[in-house]
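Written out below as structure tokens is the structure these notes cover.
The values are calculated or read from the model by the stated rules, or taken from the named source; none is laboratory data. None of these values were measured; they are calculated from a predicted model. Cβ atoms come from the backbone with ideal geometry, glycine included; neighbour counts cover every protein chain shown.
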Amino acid sequence: MEIENMKAVEIESLQEQFYMTKKARIELLGRQVERMKKELENRDFSDVPSDKLLDTLNKTLIQLKNDEIEITFRGEGDTLEDLVSTMNTVTWKP
């Protein structure tokens with residue numbers, strides 16, 4: 001059992017190291033988006049065809065959307081206001 005746990009920890013560490021966990025992928029993509037945005041602020045795009053520019057942006061946004069998660073708050077009621085006042089489960093997807 002202890003050996004299996006050690007292997008699981010090692011695999012998890014490798015997954016994080018090579019961006020295989022959802023959190024690591026989101027962080028990596030987020031950093032890439034920030035770098036692209038910063039670089040794009042310095043460009044006028046006159047030499048980049050519109051379809052190429054839009055395609056690149058679309059692919060990046062799709063990847064970020066694929067890594068989106070649903071957030072669940074627990075309590076009583078059906079709305080966020082109910083949750084705050086009575087503690088129901090409210091599911092929210094950004």
* Go through the stretch 7-29 residue by residue and tally those that are without any contact (Cβ under 8 Å) to a residue 12 or more places away in the chain and in a helix (DSSP H, G or I). => 15
* **Leading residue by the ranking (farthest from K22 (Cα to Cα)) among those in the stretch 35-52 that are over 22 Å from the mean Cα position of the chain (by Cα) and assigned to a helix (DSSP H, G or I)** => S50
* Structure fact -> Filtering the stretch 34-44 down to residues that are surrounded by 10 or more Cβ atoms within 10 Å (Cβ to Cβ) and either more than 23 Å from L64 (Cα to Cα) or touching a residue at least 24 places away in the same chain (Cβ under 8 Å) (or both) yields M36, R43
* To do: Return only the number of the condition from (1) at pLDDT 75 or above; (2) surrounded by fewer than 13 Cβ atoms within 10 Å (Cβ to Cβ) that T79 does not satisfy.
  => (1)
* Asked: Out of all the residues in the stretch 53-74, which are touching a Leu at 6+ places or on another chain (Cβ under 9 Å), of a type outside the set (K, R) and outside any helix (DSSP H, G or I)?
  -> D67, F73
* To do: Provide a single number: the residues in the stretch 1-33 that are under 19 Å from I69 (Cα atoms) and not basic (K, R).
  => 12
* Is it true that T91 is on the phi < 0 side of the Ramachandran plot, modelled with pLDDT under 85, in a helix (DSSP H, G or I) and of a type in the set (S, T, N, Q)? -> no
* Say whether the condition of being touching an Asp or Glu at 6+ places or on another chain (Cβ under 8 Å) and at pLDDT 80 or above is met by at least one residue in the stretch 64-73. => no
